[in-house]
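Heads up: the structure comes next, in C-alpha cells.
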Amino acid sequence: MSVEGESRLLTDIITELRAAGCVFAEDEAELLLAAADTRAELAELTRRRVDGLPLEVVLGWAEFLGNRVVVEPGVFVPRRRSEFLAEQAISLASPGAVVVELCCGSAAIAAAVARAVKRIEPHACDIDPNCVRCARRNLADLGGTVHRGDLYEPLPGELRGRVELLLANAPYVPTDEIASMPPEAREHEPPVALDGGADGLDVHRAVAAEAPEWLSPGGRLLLETSGRQAERSAAVCAEHGLATRVARCEETDATVIIATAPES
C-alpha cells in the first residue's frame, strides 16, 4: 500500500472511531492498522471496536508494565492504575517468594512480578473459566500455576502460612454504580469482576478475613481500592490483625492498601 493510501485509510479509521465515541481514536487507529494483515481484517477489527468491544480484546493483548498480556473475550482488561499495585509488589517481593494473585483475571499482576523478581513461585486464582484459561497463557512461561475456584478455596493446602505476597485487584465498584461505568466495561467484562456489593467492599472483606491464615509471618496483602474507599478498606484489613498503610499514585489515581501480618 502506498504511503498516501495508508494515510487515507488511517484517516477513515480515525473518523469511524471518533464517531463511535473513542476518545483516543488516533492512537487506536494506528494499533488496529498495525494488527491487521489485510484490508478485510482491518475492517473487521475496526467494526468490533466500533461495536464497543474493548480495544485490548480486539487486539488480543493489553500493555502492562511494558509487556504484552494476553486478553481474551469475557476477561477483565488490566487497567493502567493496577500497574501501581504490581510495582508495589515488585518492590516488596523476595527471590523465591510464594506470590498469590486472587481474582486474577488475566493474571497480569502475577506475571509482572514473576518477570521482575527471580525464582518466585507464582500462583493465581479466579472463579471464571475464561479468566483461568487466559491466566494460564500469561503464566505458562513464568513457572506459574493457575487455580479455578472462589478466592482461597482452590489453593493447595501446603501454601497455608507460606504466602509472602497476597495480591488482589478484587471488584470494588458498588453495585448501584455499575450502570454508570463505560459500556465497554459493563457490557463486555464479567459482572463478577466488577461488582463489589452494596458498598463495594464485600470481596475485600472476604479476602481480608482469610488472609492471616495464608500469609507467612510478616507477609503482606496488597489490595487495590479507590481513593474514597481507602480508609474503609484499610479498616477491614485492620479488623483481622493486619497492620495497614495506604499507598497512592497521583499520576494514575491508583490506591493500594498494604496490610502486613504479624512477624510471629
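The values are calculated or read from the model by the stated rules, or taken from the named source; none is laboratory data. Every value quoted in this text rests on a predicted model; they were computed, and no experiment measured them. Glycine gets a Cβ as well: all are built from the backbone with ideal geometry, and neighbour counts include every protein chain shown. Side chains included, ligands, DNA and RNA excluded: accessible areas come from the protein's heavy atoms. Shrake-Rupley method; radii C 1.70, N 1.55, O 1.52, S 1.80 Å.
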>> Sort 153-161, 140-148 by the packing proxy (mean of other Cβ within 10 Å over each peptide's residues), most packed first.
In response: 140-148, 153-161
> Where does each of 224-237, 106-119 land if you order them by average Cβ count within 10 Å, highest first?
Replying inline: 106-119, 224-237
> For a paramagnetic label modelled at 7 Å from the Cα of residue 192 toward its Cβ, which residues of region 68-88 fall within the zone defined by backbone nitrogen distances under 18 Å?
Replying inline: 72-78
> Order of 198-205, 238-245 by packing, highest average Cβ count within 10 Å first?
Replying inline: 198-205, 238-245
> What's the Cα-based Rg to Rh of the chain, Rh via Kirkwood?
Replying inline: 1.02
> Sequence-distant or interchain residues sharing an amide H contact under 5 Å with residue 164, placed H: which?
Replying inline: 98, 216
> Share of the chain's accessible area from carbon and sulfur, percent, 1.4 Å?
Replying inline: 49
>> Between region 87-111 and region 182-213, what is the separation of their alpha carbon centroids in Å?
In response: 19
>> Is there a quick way to get the dipole size of the chain? I mean about its Cα centre, with the Cβ of Lys and Arg at +1 and of Asp and Glu at -1; what is the value in debye to the nearest 20?
In response: 660
> In square angstrom, what is the accessible area per residue of the chain with a 1.4 angstrom probe?
Replying inline: 47
> Scanning the chain for helices, which whole DSSP H stretches are 18 Å or more long along the axis (Cα) and average 0.0 or more by Kyte-Doolittle?
Replying inline: 3-19
>> Not counting ligands, DNA or RNA, and with a 1.4 Å probe, what is residue 213's accessible surface area in Å² rounded to the nearest 10?
In response: 90
> Between residue 251 and residue 63, what length comes free when the chain is fully extended (0.36 nm per residue of separation minus the Cα-Cα distance, one decimal in nm)?
Replying inline: 65.9 nm
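Does region 130-264 come out rounded, prolate or oblate, given a ≥ b ≥ c as the square roots of the eigenvalues of its C-alpha gyration tensor, rounded meaning a/c under 1.5 and, failing that, prolate meaning a/b above b/c? Don't jump to the answer; show the numbers that get you there.
Working: a/c = 1.77, a/b = 1.14, b/c = 1.55.
Oblate, because a/c is 1.5 or more while a/b does not exceed b/c.
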